[in-house]
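Step one of this worksheet: look at the structure below.
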Amino acid sequence: MFPIRDTIRARSFPIVNWLIIAVNALVFFFELSLSPQSLDQLIQTFGLVPARLDLATPLTFFPLLSHMFLHAGWVHFIGNMWTLVIFGDNVEDRIGSLRYLVFYILGGFAAGILQTVLSPGSLVPAIGASGAIAAVLGAYFIYFPHARVITLIPIFILPWFVEIPALVYLGFWFVTQFFSGALSLATASGMATGGVAWWAHVGGFIYGLIMATPFRIGRSKGRTYADDYYPF
């Protein structure tokens with residue numbers, strides 16, 4: 001399934017969401033300019049390597065931040081940024097730009113921490129914005145339960161577009177991440193299977209579910225279901 005768009009109209013321009021996308025794009029194009037050796041060094045230095053975290057050396061925790069701005073290739077980058085375009089603007093609209101920035105960064109931290117806890121000895125760098133974006137999806141799940149996600153489902157070679165309730169779409173996404181993460185624990189390192197840090201996705205989403213309500217404190221809802229929804 002590939003999301004095309006949602007049925008929620010953001011009432012304000014999502015400046016922070018676009019700034020996050022712009023920073024990710026700048027870093028990604030910088031990655032493309034590097035030689036394979038330099039790129040590997042960059043990822044080894046700024047990717048999240050659980051085994052290198054040391055409480056006695058605070059700088060070893062910087063990759064908890066930097067890893068969420070690195071990507072492994074075009075598919076990884078475009079998939080993450082497209083998801084952020086679809087869902088991030090509405091979450092920013094609901095909680096405000098500054099809170100959204102804090103929420104996003106902390107979501108990336110939470111994702112990286114859970115991945116680290118479940119694979120503490122791993123030497124494989126984890127990179128990508130998907131943990132932080134999973135936090136955005138968790139908040140969206142709470143804020144917009146009546147939304148619809150216009151989704152492309154390929155049937156052989158024919159495209160099929162269908163409206164899927166956000167609760168179903170995101171719920172299904174989370175279940176697949178959780179069971180994929182559970183499968184990864186069967187490996188020797190407990191790390192990702194198929195090159196995906198599943199537990200970072202799970203950790204980010206759970207953080208989003210839990211923190212969505214606290215981040216709404218003091219914000220007037222100011223809109224109704226009718227304001228949020230429009231037909232495809």
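For Rg and Dmax of the Cα atoms in Å, the candidate list reads [x] 16.9, 49; [y] 17.8, 56; [z] 21.8, 80; the entry that matches the value derived from this model is [y].
Take every pair of alpha-carbon atoms less than 8 Å apart whose residues are at least six positions apart; their mean separation over the length of the chain yields a relative contact order of 28 percent. Accessible surface ranking for PHE29, PHE87, 1.4 angstrom probe, highest first: PHE29, PHE87. The distance linking the stretch 62-83 with the stretch 24-48 is 11 Å (Cα centroid to Cα centroid, whole angstrom).
Quick one: accessible area per residue over the stretch 112-151, 1.4 Å probe, rounded to a whole number of Å²? It would help to have the intermediate numbers written out before the result.
Details: 1180 Å² over 40 residues.
With all protein chains present, the stretch 112-151 gives 29 Å² per residue.
Per the helix-only calculation at 222 nm, which mean residue ellipticity applies to the chain, given -39500 (n - 2.57) for every DSSP H run of n ≥ 4 and division by its residues, nearest 500 deg cm²/dmol? Calculated mean residue ellipticity at 222 nm is -18000 deg cm²/dmol. Each of THR151, LEU19, LEU98 was scored by the projection of its Cα onto the charge dipole of the chain, and the greatest displacement toward the positive side belongs to LEU98; charges sit on the C-beta of Lys, Arg, Asp and Glu. The C-alpha radius of gyration of the stretch 100-173, expressed as a fraction of 2.2 N^0.38 Å, stands at 1.41.
Dipole magnitude for the chain: computed about the Cα centre from +1 point charges on Lys and Arg Cβ and -1 point charges on Asp and Glu Cβ, it is near 520 debye.
Compactness ratio of the stretch 59-141: Cα Rg over 2.2 N^0.38 Å, N = residue count?
Working: Rg = 13.0 Å, N = 83, 2.2 N^0.38 = 11.8 Å.
Cα Rg divided by the expected 2.2 N^0.38 Å: 1.10.
Counted without the sites themselves, the longest stretch of the chain free of trypsin sites (Lys or Arg not before Pro) in a DSSP loop having at most 15 other beta carbon atoms within 10 Å is 12-218.
Here the gap between VAL162 and THR57, fully extended at 0.36 nm per residue and compared with their Cα-Cα distance, gives a gain of 32.8 nm. Here the dipole of the stretch 24-133 is about 140 debye; that uses its Cα centre as origin and unit charges on the Cβ of Lys and Arg (positive) and Asp and Glu (negative). So, with a 1.4 angstrom probe, what is the percent of accessible area on the chain that is carbon and sulfur? Roughly 74 percent of what the probe reaches on the chain is carbon or sulfur.
The values are calculated or read from the model by the stated rules, or taken from the named source; none is laboratory data. Predicted model only: the values in this text are computed from it and were never measured. Glycine gets a Cβ as well: all are built from the backbone with ideal geometry, and neighbour counts include every protein chain shown. For the accessible areas, the whole protein counts, side chains as well, though only heavy atoms, and no ligand, DNA or RNA atoms are used. Shrake-Rupley method; radii C 1.70, N 1.55, O 1.52, S 1.80 Å.
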